[in-house]
Amino acid sequence: MNPRYKTLPKSHKAGSFLRRSNQTLAKSFASSAPAPSSALPRTDSFAELAHATRSAKCLRRLHALLAVTGAINRDTSAVTAAVEGYLSLGMPGAAASVFAGSHRRRPTVYSLNLAVRCFSAHGFHQELLEMYRRACAYGGGSDNFTFPPVIKACTAVGCLRLGREAHGRVLRDGHGDNVGVQTALLDMYAKAGWVGASRAVFDCMAQRDLISWNALISGYSLNGCFREAVEAMREMQEGGMRPNASTFVAAVGVCSAVGDSDAGDSLHAFALKCGVLADESVTPAFLSMYAGFDDLSSSRLLFDLQPVKDLVSYNSMISAYMQHDKWKESFEVFRLMRCAGLGPNLVTVVSVLPTCSDFFGVHIGESVHGMVIKFGLAEQISVVSALVSMYSKLGELDSAVQLFCSCTGKNHLLWNSIISGYILNNKWHTALDTFRRMQTEGVAPDATTVIKVISGCRHMKDLRMAKSIHGYAVRNSFELNQSVMNALLAMYGDCGELSDSYKLFQKMEVPMLISWNTIISGYAEAGDAEASVRLFRQMRQADLQFDVVTLIGLTSSISVAEDATIGESLHSLAVKSGCSTDVSLTHTLITMYSNCGSVEACQRLFDSLPSVNTVSYNVLMTGYRKNNLSEEILPLFYEMVKNEKEPNHITLLNVLPVCQNQLQGKSVHCYAVRNFFRLETSMLTSAICMYSRFNNFDYSCKLFNSVGEKNIIVWNCILSACVQCKLADIAFDFFRQMCFLNVNPDAVTMLALISACSQIGKADLAECVTALLLKNGFGGSLFVVNALIDMHSRCGSISFARELFDSSGAKDSVTWSAMINSYGLHGDGKSALDLFSMMIASEVEPDDVTFVSILSACSHSGLVEQARSLFKSLQIDYGITPRMEHYACMVDLLGRTGHLDEAYDVVGSMPFRPSESLLESLLGACRFHGNSKIGEAVGKLLIESDHSNPRSYVMLSNIYASVGKWNDYEWLRLDMEAKGLRKDVGISLIE
């Protein structure tokens, strides 16, 4: 119950008073005569009732009484009370109408000041500015008490243009020398990022009080100007001003912002010397500061050393643990608070509830919910909003909706929470419908609501809806809000409309740092490093200081090796500016160097981190995987587990593809099942692919069936698993199911079907797949055409494959390689060589795959001289380092044609260990040509490299038998039996 209500006599309670007043008025209206003045309530009673009333219905009745009795035009206190009553109920529109109705002509300065103060106290800054604008339009005046709330409102809505207009009005009206007005101005400029303008206002102040100095120090703190803040504190003390608790709170913010732990310790000692630690706001500030330094032990020590811990200290400690995702410790402090006999307040509940959604789960959340009801906080809108958010994050959307619907007085905070809940659970259209319903129920969306809806449009990539939201923002004057504008910039960038994003950016009168960061990051995500760097140069020319977020955006745009020089320059800039110690920036630099192929730089950066976390390991693992260094991932994973860093989904997504056997993959899968509340779709699809690599199609199917809502990615994954396990017929069965469920195929689906068709090798099926491709509009994709060429050649239609090749307008090296390989598969080496010559004449640079195709074609056709010439030009003319496949083609060709000595020389000249298949090919050629000498040497190499393959033993023993070396034959057979190796049984297939 409101304390003001308790002081009223029983006869003045709102309900009985309104009933008597309504009866009096009804009688007066019935007799068509005005009510006698003695029968009407006094205006001081109106004011008391307006303060006491906590019902919108009662307050509207009271408003009607004010209008009927004429008190609304003659009593300022009654009007002010009604305005404050509406504002306390979250109804700024009604409050503004009361004020406007009470001043049909221009309002007095006194009444305007009262209304402005009410709107400011309740946080309705946008409505305050609109009311002030109308009052000025009617010729209303202003004084020293009017401007501070107006300037504060400009700061709150983030509109520097209106603030500068207010500054001009201050100067015109002659209030530029007032300390309160000047303090509000310097605070506004500081929060807008204009530290120079803030200091200029401060320097013009004739008189400075402690509040002014604190505002300046706080402004420096907000903008990360540590040296300036320290200098300001020194000047303040030299001027005879003794720092108070607010001064230290502002200075603590500076230390936290720049991460200077030494300065923080010195400040702590200075505060202890000044005796301000007893202030209830100082100790929580130092708790948060140490938490910002990742020094939770110092925060906890300071907390434990407090002789008397109040609720603010407990809340600060809970928040400190929450910042570092220490959910368990945060909840433990909450339990200590309850054991100390302290009941939670709004801050406590709002801080504790996220621990339930992020760590403990729905059961603890429901327990906290019960406690909230027990302590009478269940009707507080902020608590209900936090509960709605908690249930939404836990996936209990029905509970969140039920809680939302049961609340009668819904304000912006509650509507925003349910809209966020819908967005969090991928209910994008429901979120937009709720946004519309919010307006129909008379609650005008605020900037936060608009930003959340814009976020929904970003996820849906719905450009039409995005432009509609943009229009709504413009119509309702949200284009003056920097946060809304930044959200619009990001939305257009995510929708692929960077030109619209840039046009919007250019229309911004004074872009803040976050605006520059947003547009730079937009171009970075699109891979346009040149545009990102150009914008960065423009930002620097505008004398705007960059921060870590700017460097992260710029660095993330470097994705190819050609931009490595720019990346190194950005790295140097980070070191020079002192930003290189930031962990997030270091992670981005590791990603940049891995994209540029510099794995050594990635490793050095990783080793330079003072402390590594799960993200650090994930970034380095991803870098290894991008650079085909899969063998480095598992050792890094073992090191991560040894250092007690918990793997997350990203970690396991990096580990699963490099598991060397099914047992490893199954262990990783089991870890995910045991430790994750719910497996994400990406995790399931990766596990499906892992099991298919080891031909365990049954497990792949079980995982596929466990996925609830199957999107196209999941279907493509099971199709690829079928192809991997050589189950092409089942792949087509899955494709029929997919079409039956109206899941539209994409290019990846078509590639899987092409691969399945290639395995079956039926020409009629290949024609059906081609027709399906053309019907679904994939015929224009070059990589699909390349796959079709390969498919038709494997199905025997070499002529149709050539037609596809000739009809393709744009041909890349893959297209030429596919057609050359097709001729090689059909034994037409001459046509393959002619096509290779055409490729060179067309100025298409052949790559290593092209040379594998042409050398393979020469091998199948026995074109020795041509192959020798091509193998030499591979390195000399094109600078390509031969891979195992190139050597294998040459060895196979030389072995087929009887050049065994040369083939053996090629094996000896290889810079790496020859593969088993290459040695088996040469061993087979030695047996065919009866060369036991080279055959014995190759056979020994093969047995040494592959101890478990009986095929190698059989081939070598057959060579010994063919030349009559029976002792060696018997020795090899005995060795084979001793190792438990048996010859594979031959089978015959008839179709």
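Before moving on, here are some points about what is shown:
- Note on Asn144 and Glu165: their simple-model spin labels are 2.6 nm apart, each label 7 Å out from Cα toward Cβ.
- Working ranking of peptides 630-641, 190-201, 874-885 by packing, defined as the average number of other Cβ atoms within 10 Å per residue, highest first, is 190-201, 630-641, 874-885.
- Overall shape: oblate for the range 661-726, with the ratio a/c of the largest to smallest alpha carbon gyration tensor axis at 1.5 or above and b/c at least equal to a/b.
- Gain on full extension, evaluated as 0.36 nm per residue between Leu301 and Arg534 minus their Cα-Cα distance, stands at 79.0 nm.
- Cα-based helix-to-principal-axis angle, 346-355 vs the chain, degrees rounded to 10: 10 degrees
- Rounded to whole Hz, the Karplus (6.51, -1.76, 1.60) HN-Hα couplings of the range 390-406, x for glycine and proline: 4, 5, 5, 5, 7, x, 8, 5, 4, 5, 5, 5, 4, 5, 5, 5, 6
- Computed lengthening from Ala763 to Arg172, 0.36 nm per intervening residue step minus Cα-Cα distance: 204.0 nm
- Shown for Met390, Met91: other C-beta atoms within 10 Å of each C-beta, ranked fewest to most, produce the order Met91, Met390.
- If a spin label sat at a point 7 angstrom from the Cα of Asn628 along the line to its beta carbon, the backbone N atoms of the range 836-856 nearer than 16 Å would be those of 847-853.
- Axis of helix 950-962 versus longest Cα principal axis of the chain: the two differ by about 10°, to the nearest ten degrees.
- Simple Cβ-charge dipole of the range 881-928, Lys/Arg +1 and Asp/Glu -1, about Cα centre, in debye nearest 20: 60 debye
- Partner lysines for Lys726 [C-alpha distance under 26 Å; skip if fewer than 8 residues away on the same chain]: Lys666, Lys702, Lys710, Lys762, Lys983
- The spacing between the range 307-354 and the range 849-926, judged by their C-alpha centroids, is 71 Å.
- Highest average packing first - 896-908, 232-244, Cβ atoms within 10 Å: 896-908, 232-244
- Prolate/oblate/rounded label for the range 281-343 (Cα gyration tensor, a/c 1.5): oblate
- In the chain, taking the dipole from charged Cβ atoms about the Cα centre, the farthest positive-side position among Ala215, Leu346, Met690 is held by Leu346.
- Stretchable slack from Arg674 to Tyr878, in nm (0.36 nm times residue separation minus alpha-carbon distance): 68.3 nm
- For the chain, a crude dipole built from +1 on the beta carbon of Lys and Arg and -1 on the beta carbon of Asp and Glu, taken about the Cα centre, is about 5160 debye to the nearest 20.
- Of the residues Val109, Leu956, Met289, the one whose Cα sits farthest toward the positive end of the charge dipole of the chain, with +1 on the Cβ of Lys and Arg and -1 on the Cβ of Asp and Glu, is Val109.
- ³J(HN,Hα), Karplus 6.51/-1.76/1.60, whole Hz, each residue of the range 547-558, x for Gly, Pro: 9, 5, 4, 4, 5, 5, x, 5, 5, 5, 7, 7
- Note on the chain: dipole from Cβ charges, positive end direction compared against Leu570, Met592, Ser499; the farthest Cα belongs to Ser499.
- Working note: Karplus 6.51/-1.76/1.60 with θ = phi - 60° gives the range 472-487 the couplings 4, 4, 5, 4, 9, 6, 7, 5, 7, 8, 4, 5, 5, 4, 5, 5 Hz, where Gly and Pro are set to x.
- Degrees separating the helix 529-541 axis from the principal Cα axis of the chain, which is the longest one: 30 degrees
- Checking the cross-link pairs Lys427/Lys461; Lys467/Lys503; Lys393/Lys645; Lys427/Lys775; Lys427/Lys645 against a 22 Å limit on the alpha carbon distance flags Lys393/Lys645; Lys427/Lys775; Lys427/Lys645 as lying beyond it.
The numbers here are math on the coordinates, done by the rules we state, and not lab data. Note that the structure is predicted; figures quoted are calculated from it, not measured. All Cβ positions, even for glycine, are placed from backbone atoms using ideal geometry, and neighbour counts span all protein chains on display.
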